[in-house]
Every structure is written in C-alpha cells, then in structure tokens.
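Inspection log for the structure reproduced underneath, given as structure tokens.
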Amino acid sequence: MAEAIALSLFAAGYLAITMEHRIFVNKAAASLLLAVALWIVASFALPVAELRFFLAETSVDIFGLIIFLLTAMTLVEILVHYHLFDVLERWLRSRGWTTYHMSWALVMLTFVFSAILDNLTTTIVMIQIARRLFPKQELLAVGALLVIVANAGGAFSPIGDVTTLMLWFAGKFSASQIITQGFLPSIVMAAIPSYMILSHIHKKSRIPVDCDHDFHPSRSDRAIMLVTLGSFLLPLAASFVGLPPYMGLLAGLGLVWVFIDFAKRARPQNTHLQASIHSFLQKTDIESLQFFIGILLAVGALHALGILHWMTDALLGSAPSWTRLVTAFVGLGLGSAVVDNVPLTAAAISALEGVSPSLWTLLAITVGTGGSLLVIGSAAGVVAMGMIQGMTFMKYFKIAAYPSLLGFLGAVVVWAVQYKLFL
C-alpha cells in the first residue's frame, strides 16, 4: 500500500516539475514538497530505527554534493567579478580570426572550461561572449553547438556535471577512471556535431577587433584568477589522500578568501578588490541547489521503501548481463533528453550494486550528453534558449538534434571499443 502511494506521489510530483512553466509552480518548490511527502509515507511504512538509518544515509550524500556545488558556484562568481571572461573575449578578438576559426576556438575553450568549472556555468559565459562576436543567424548555430560541447566536456570530468559529481561522490568510479575512460568518448561527442554544424559557418568574414570594454587586470587581479582556477584542482588532490572532494574545494575557497583579504590590505583604495565574499555567496543559484536537495531526498525515500530495487529487478533481473546494463544505460541517456538526468542518475546509484566502474563511466557519458538531443534536455540548453533570441525548440532541433545523436552514438561506440580492448 505504501509503495503504491509513494509511486503515485512521485509521478504527480515529477509531472509538476516537468510542467513548471505551464502550471506556474517552481520546480524547486515542487521537488521539496515531493520529498517531504514521500518521507512521510516512509515514516508510516518503516520502523523508526530503519527510517532514521536511511534518512541519515541520504542526508550525508546530499550534504557533500550541496556543499561542493555551493562552493563551486562561489568560486565561479569570483572569476566573473574579476573579469576573467572579459579578458578572454578581448584576447579572442585580438587574434583577428574569421568567424569560422573563432567558432572552433570557442568550441575548444568550452570543452576545456566545462571540465574545469561545470557545463552550465560554461554555457552561460561562452554564450555571453558569442553574443558579442557573431551575427544572429550564425549565433543560433554556434549557441546550439556550445550547449552540446559544454555537456560533452562536463561528462568526462568528475566535477564537470552534477550527475558525474553524484557518481564520483557515490564511489562508483575514481577521478582517474572517469577522466581516462570518458575522455575519448567525450571528444567524439563534441567533435562530430562540431564538424557537422560548423561546416555551415561562413569561412571568410572576420570578427571585429574592437571590444566594448577596456578592462586591464592588475597583478593582483591576475593572481586571484590563477588561485581561483587552481582551486578547482584541489578536489582531486583531496580524493587522493582519502578526503571527500568537497574538502579540497572548501580549502580552495578559503585560500582565495585569504588572498583577497590580503590584496585589499595591500591596495586600500576603493577598487573592485573591495568586493566581499558575502556578496558572491548571495549571487549563487540557491534555487537549483534546493531542487537538487528535493530530488535526491525523494529518490532516497523510494530507495528506503525498496521501490528502486523492485523496479530494477523487474527491468533488468536480479543479475543483469553486461549487454542489458549497456542497453539500459544508453536508454537512460536517451531518456535524459526528455526527463531530467539528476533523478535518473540518483535512481541508478541507489538501485544498482556490483556494477563495474567502467559501466558507471558509460552512464556518466550517456546521461551527461543525452540531454543535448533536445534543447529542453539539459540545463545548459534551457539557459541557451533564454539567452539567444530566436532559439526555439524547433530551431534547436533542426540545427542540433541529428548531429548530437550521431555524436552520442559515436561516443557509445568509442566507449565500447575501449572496454573490449583495454578493460
């Protein structure tokens, strides 16, 4: 009885989340209400000790993820404040490249930055730069491609995408495993659509060298940028010594914070160095964090009630074969074009045991890049739709659906070849 009620509540809650713009209920609010409702159901179905065990287990996992994301968002806001991306735009303009070569430069930078920062932030920043560089028609093509490449770059990095971060925190693979096994598939996922979409970009028109802003970073600015960028490597260092990754990122934020405070004392005059870390924290996307908390708590309740294991056994059997797991993970990736990849990943983490790190790497690749097939399939696509005038569902579909599908299938094939040859 409790299981049926929980499934009905989850279906209703998830429908409310997907129809956010039609029913005018914020998806973060819907996810939080759904989570509480499911745990209330669990409280009636489970003994108190068992309920507290599952709730504590879920809460610990959520704590690490949210602290990591909040810290990462703060560091990104610091980079924005110190004009790293304005400096990058001016450097790109100074090259004197054509629109075609500029497009490839943005693609490569997007791939790299999405692995270091995250795919959503990188999409926002790169589209902001692209809007200043490209005319409207070419901006649609470049913007759609940047969404695909940002998702691809985030898929092979343990910190590049929320779903990859979730799998890393859950111990499904190590940082070195996702990087080494996911890099080539991610390259293919980015390269195939890039070649197909950029072949239509005008190859001779040049980007104007003049820039709208004239910011020249001081030595202190450059030092803060370098320390902040270096902070994103500390989670890897923390994991190597047995500490959770968020400890490394917290150490990075602390170092940046101290560095900024010393820079303020060295330059007491009123400059942008006087900005407070508190102001950066206030600019972080708290709404997204609340959505993640609600979804992960809801999936945790389904796990506590045994629903996820029941569904897994029904779909895959008690001992699924390699072929069935690969098919299921590819299917989850394609499904992430329609259904948010966070609950899909959370459900797989909670329900599946004894799966090799290489197969979890495949899941990271598929759910991380499958959302690129449709503009509504990833947060990066939804943001691009809001930032680029004329970027509609159908316009993106015409530009990007077929290239991203070929890239997705190519990435799966490369992963499978790697698996058979080296693993």
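See the values below:
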| quantity | calculated |
| --- | --- |
| Computed [θ] at 222 nm, deg cm²/dmol, the chain (DSSP H ≥ 4; -39,500 (n - 2.57); rounded to nearest 500) | -24500 deg cm²/dmol |
| Angle between the chain longest axis and helix 322-335 axis [Cα atoms, degrees, rounded to 10] | 60 |
| Per-peptide average of other Cβ atoms within 10 Å, ordering 400-406, 412-418 highest first | 400-406, 412-418 |
| Rounded to the nearest 10 Å², the accessible area of Phe240 at probe 1.4 Å | 150 |
| Extension gain (nm, one decimal) between Gln137 and Phe262, 0.36 nm per residue minus Cα-Cα | 40.3 nm |
| Whole-Å distance, taken between Cα centres, linking segment 371-423 and segment 12-52 | 29 |
| Area of Lys136 that stays accessible when all protein chains are in place (1.4 Å probe, Å², to 10) | 130 |
| Förster-model FRET efficiency, 45 Å R0, Phe53 and His216, C-beta, rounded to 0.05 | 0.20 |
| Calculated from backbone phi, Karplus (6.51, -1.76, 1.60) coupling profile of segment 362-377 in Hz, x at Gly/Pro | 4, 4, 4, 5, 6, 6, x, 10, x, x, 6, 5, 10, 5, 8, x |
| Crossing angle, helix 27-45 versus the chain [Cα axis fit, 0-90 degrees, rounded to tens] | 20 |
| Largest-first ordering by accessible area, 1.4 Å probe, given options Arg219, Arg131, Arg90 | Arg219, Arg131, Arg90 |
| R0 of 25 Å, Cβ-Cβ distance Trp310-Val25: FRET efficiency to nearest 0.05 | 0.30 |
| Protection proxy ranking, peptides 56-64, 357-365, average beta carbon neighbours within 10 Å, highest first | 357-365, 56-64 |
| Sites Trp104 and Phe44 - FRET efficiency at Förster radius 56 Å, r taken between beta-carbons, to 0.05 | 0.45 |
| Exposure rank, largest accessible area first [Thr71, Thr327; 1.4 Å] | Thr327, Thr71 |
| Accessible surface of Glu50 - all protein chains present, 1.4 Å probe, nearest 10 Å² | 70 |
| Peptide ranges 27-38, 291-302 listed from the most packed, as the mean C-beta count within 10 angstrom indicates | 291-302, 27-38 |
| Equivalent ellipsoid semi-axes - Cα gyration tensor, segment 307-376, angstrom | 20, 13, 10 |
| Cα-centred dipole magnitude for the chain, charges only on beta-carbon of K, R (+1) and D, E (-1), debye, nearest 20 | 1260 |
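The values are calculated or read from the model by the stated rules, or taken from the named source; none is laboratory data. Keep in mind that what you see is a predicted model, and the values were worked out from it rather than measured. Neighbour counts are summed over all protein chains in view; Cβ atoms, including those assigned to glycine, are modelled from backbone coordinates with ideal geometry. These accessible areas exclude ligands, DNA and RNA; they are computed on the full protein's heavy atoms, side chains included. Shrake-Rupley method; radii C 1.70, N 1.55, O 1.52, S 1.80 Å.
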